[in-house]
Amino acid sequence: MISDLKGTFSQISNNNKRSAIREILKLTQNPEIISFAGGLPAPESFPVDALDSIVSDMLREEGAAVLQYDATEGVSELREVLVKKYRAEGIQCSLDNLIVTTGSQQGLDLVGKVFVNQGDVVICGLPSYLGGIGAFQAYGAKMEGVPMDEQGMSATLLEAKLEELKQHGIKPKFIYVIPDFQNPTGITMPESRRLEIIALAHQYDVLIVEDCPYREVRFEGKPQRLMYQLDQDNHVITLGTFSKIFAPGFRIGWVLGPKDVNEKIVVAKQSADLCTPTFVQKIAVRYMNSGVFEENLQKTIDLYHQRRDVMLEQLEKHMPKEIKWTRPEGGMFLFITLPEHMDALELFHKAIEKKVAFVTGNVFYCDGGGKNTIRLNFSYVNNEKAIAGVERLADIVKAEMLV
Ligand code: PMP
């Protein structure tokens with residue numbers, strides 16, 4: 001080995017932190033453990049049979065072409081399908097606004113790559129998706145958190161934060177938000193809050209990065225318009241993905257953004273992976289055009305809806321009244337707040353002993369807060385296990401409250 005391997009690593013690689021969730025997930029591998037920790041979609045929701053015939057038809061009809069490189073922007077038919085879908089919702093956009101990425105995680109990484117210099121400020125919710133925070137921090141972003149209330153990122157506190165930064169001569173690069181069924185809280189921003197945040201973005205002249213993996217997985221309530229649509233002034237970059245509405249193993253996401261931004265992102269993507277695999281993009285086009293997409297999505301929504309209900313019922317039944325939790329209208333997660341004095345990490349170790357697992361909420365707080373919070377996933381575990389798992393968890397919480 002060379003003499004100074006440590007000193008040879010780049011600044012970016014030293015910025016990269018191991019994901020705390022991955023470390024937690026390692027502890028939950030034991031099959032006896034009922035895990036509410038991961039963020040996995042239910043494998044029952046993957047359209048295996050439909051894909052079986054789509055893939056063989058495709059290989060027979062298109063042959064080698066589906067195995068070739070394609071444009072960095074993405075396979076044009078897929079971009080067209082996605083643009084058409086947005087337009088059907090009344091969103092004004094064209095092919096120039098849409099590029100395919102390798103999962104929305106690549107979208108987050110590329111946004112970091114094209115906007116963030118070492119030391120730049122990026123604003124996010126307290127709490128926020130760890131993979132987003134990590135992607136921006138890798139490029140040297142200094143994350144500034146804004147607390148959330150039951151309607152998402154607080155507009156009042158965002159304004160205070162923007163003003164405080166302005167007083168110090170600092171202009172943040174962008175505001176990172178997950179408006180629908182947020183990871184980790186499950187909270188959705190109503191239109192009024194979206195508009196307030198957009199107005200602040202205009203006033204302080206900053207971009208918004210809107211990350212929307214769960215938006216279409218809505219069980220109840222009124223669908224909310226994208227901030228991209230509400231803005232109409234090129235302040236918003238939206239990230240989408242097939243991971244929660246089709247299959248995460250496809251690794252297909254996209255960026256819906258202003259043309260000037262997308263041009264930069266495409267160049268950055270070129271050096272990242274040349275293009276997202278042609279094979280899966282072509283399958284996705286056929287899948288989207290087959291009519292199975294809508295039918296399968298509805299089945300997924302029904303499944304998660306029922307799993308959320310089971311989890312809520314169990315929490316209601318077993319948790320002490322001092323414990324609070326969110327009631328998401330969609331998505332895959334809910335968030336528990338324990339009394340202030342309780343430490344979710346201590347609880348986590350006790351929970352692992354009792355063979356139930358969750359993610360401690362603090363990993364989603366860029367300011368180190370949230371020590372008394374817990375994220376629970378309800379999409380993956382079946383009802384029987386969920387019933388047993390929540391009861392075990394409640395027993396541990398009750399015992400802890402007596403201490
Ligand atoms: N953003 C959020 C908020 C997420 O929760 C996730 C994955 N759980 C992603 C982005 C990344 O998803 P993917 O790369 O699979 O599209």
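Taking the stated definitions as given, is I133 under 23 Å from V359 (Cα atoms), within 16 Å of the ligand (Cβ to nearest atom) and aliphatic (A, V, I, L, M)? Give the steps one after another, and end with the answer.
On the way: under 23 Å from V359 (Cα atoms): yes; within 16 Å of the ligand (Cβ to nearest atom): yes; aliphatic (A, V, I, L, M): yes.
It is true that I133 is under 23 Å from V359 (Cα atoms), within 16 Å of the ligand (Cβ to nearest atom) and aliphatic (A, V, I, L, M).
Taking the range 22-36 only, how many residues are farther than 13 Å from H349 by Cα and of a type in the set (A, V, I, L, M)?
1
Hey, among the residues in the range 72-87 that are out of contact with any strand residue (DSSP E or B) (no Cβ under 7 Å at 6 or more places or on another chain) and among the charged types (D, E, K, R), which one's nearest to the ligand (Cβ to nearest atom)?
Among them, the one singled out is K85.
Assess whether G90 counts as being touching a residue at least 24 places away in the same chain (Cβ under 8 Å) and within 13 Å of the ligand (Cβ to nearest atom).
Values: touching a residue at least 24 places away in the same chain (Cβ under 8 Å): yes; within 13 Å of the ligand (Cβ to nearest atom): no.
No, not satisfied.
Condition first: of a type in the set (V, I, T) and free of Cβ contacts under 8 Å to residues at least 40 places away in the same chain. Now tell me which residues in the range 208-259 satisfy that. Walk me through it before giving the result.
Within the range 208-259, the subset of a type in the set (V, I, T) is 208-209, 217, 236-238, 241, 245, 252, 255.
I208, V236, T238 - these are the residues of the range 208-259 that are of a type in the set (V, I, T) and free of Cβ contacts under 8 Å to residues at least 40 places away in the same chain.
What are the pairs with Cβ atoms under 8 angstrom where one residue, in the range 98-111, is more than 11 Å from the ligand (Cβ to nearest atom) and the other, located anywhere, is of a type in the set (S, T, Y)? Sequence gap at least six, or different chains.
L98/Y86; I99/T72; V100/T276; L110/T101
Applying the selection to the range 16-34, what residues are within 16 Å of the ligand (Cβ to nearest atom) and either modelled with pLDDT of 95 or more or surrounded by fewer than 16 Cβ atoms within 10 Å (Cβ to Cβ) (or both)?
S19, A20, R22 - these are the residues of the range 16-34 that are within 16 Å of the ligand (Cβ to nearest atom) and either modelled with pLDDT of 95 or more or surrounded by fewer than 16 Cβ atoms within 10 Å (Cβ to Cβ) (or both).
Out of (1) crowded, with 20+ Cβ neighbours inside 10 Å; (2) not in a helix (DSSP H, G or I), what's the single condition that is false for R308?
Exception for R308: condition (2).
Would you say E329 is surrounded by fewer than 22 Cβ atoms within 10 Å (Cβ to Cβ) and farther than 26 Å from S243 by Cα? Working first, answer last.
Working: surrounded by fewer than 22 Cβ atoms within 10 Å (Cβ to Cβ): yes; farther than 26 Å from S243 by Cα: no.
No; evaluated as a whole, the condition is false for this residue.
In the range 157-197, how many residues are away from the ligand (no atom under 14 Å from the Cβ), touching a strand residue (DSSP E or B) at 6+ places or on another chain (Cβ under 6 Å) and part of a loop (DSSP other than H, G, I, E, B)?
3
Kindly indicate the residue of the range 170-216 that is of a type in the set (V, I, T) and surrounded by fewer than 24 Cβ atoms within 10 Å (Cβ to Cβ) and also farthest from G112 (Cα to Cα) among those meeting that condition.
Initially, the range 170-216 is screened for residues of a type in the set (V, I, T), giving 170, 175, 177-178, 185, 187-188, 197-198, 206, 208-209.
Filter again for surrounded by fewer than 24 Cβ atoms within 10 Å (Cβ to Cβ), leaving 170, 198, 206, 208.
On the way: I170: 18, I198: 20, V206: 15, I208: 13 Å.
In this case the residue turns out to be I198.
Output the residue which, of all residues in the range 75-126 that are within 30 Å of H168 (Cβ to Cβ) and touching a Cys at 6+ places or on another chain (Cβ under 8 Å), is surrounded by the fewest Cβ atoms within 10 Å (Cβ to Cβ). Before you say what the answer is, go through the steps one by one.
Looking only at the range 75-126, we keep the residues that are within 30 Å of H168 (Cβ to Cβ), and these are 107-126.
Cutting the leftovers down to touching a Cys at 6+ places or on another chain (Cβ under 8 Å) gives us 124, 126.
Details: C124: 25, L126: 19.
The extreme case among them is L126.
Scan the range 351-373 for residues that are exposed (fewer than 15 other Cβ atoms within 10 Å of the Cβ) and farther than 22 Å from E150 by Cα and report the count.
First, pick out the residues of the range 351-373 that are exposed (fewer than 15 other Cβ atoms within 10 Å of the Cβ): 353, 367-368.
Restricting the remaining residues to those that are farther than 22 Å from E150 by Cα gives 353.
The total comes to 1.
Within the range 273-292, does at least one residue satisfy the condition of being surrounded by fewer than 21 Cβ atoms within 10 Å (Cβ to Cβ) and among the aromatic types (F, W, Y)?
Yes, there is a match, as at least one residue in the range 273-292 is surrounded by fewer than 21 Cβ atoms within 10 Å (Cβ to Cβ) and among the aromatic types (F, W, Y).
The values are calculated or read from the model by the stated rules, or taken from the named source; none is laboratory data. Note that the structure is predicted; figures quoted are calculated from it, not measured. For neighbour counting, all protein chains shown are included, and Cβ atoms are generated from backbone atoms with ideal geometry for every residue, glycine included.
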